[in-house]
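Note sheet for the following structure.
Throughout, read-outs are computed from the coordinates displayed, never taken from laboratory work. Since the model is a prediction, treat every value here as computed from it, not as a measurement. Here Cβ is always computed from backbone atoms with ideal geometry, including for glycine, and neighbour counts include all displayed protein chains.
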Amino acid sequence: MEPMAYIGAAICALTMTVAAWGVTQIWVTMITTVGRNPQVKKDVDIYGWAGFAAVEAIALYALVVALVMLTGGGN
């Protein structure tokens, strides 16, 4: 296996790390917002789950790309 595949997979792992940080920021913001104004919980939940799904999808795409690189897909 080529060393570049490992480097590409490592970059994808960094992308997943950044996605985990993004999910953390979404939850922290939601908790802070609801803590300051509990009446907006229903509105914040909808946008929070949508943001969570979008960020998590990015992490899953990065995982798939990393696995394709490591398995030699496309050759």
Spacing of the two label points (7 Å from each Cα toward its C-beta) at D45 and A10, in nm
4.4
Take every Cα-Cα distance within segment 3-71, group them into 5 Å bins from 0 onward, and report for each bin the whole-number percent of pairs it holds.
3, 18, 21, 16, 13, 9, 8, 6, 4, 2, 0
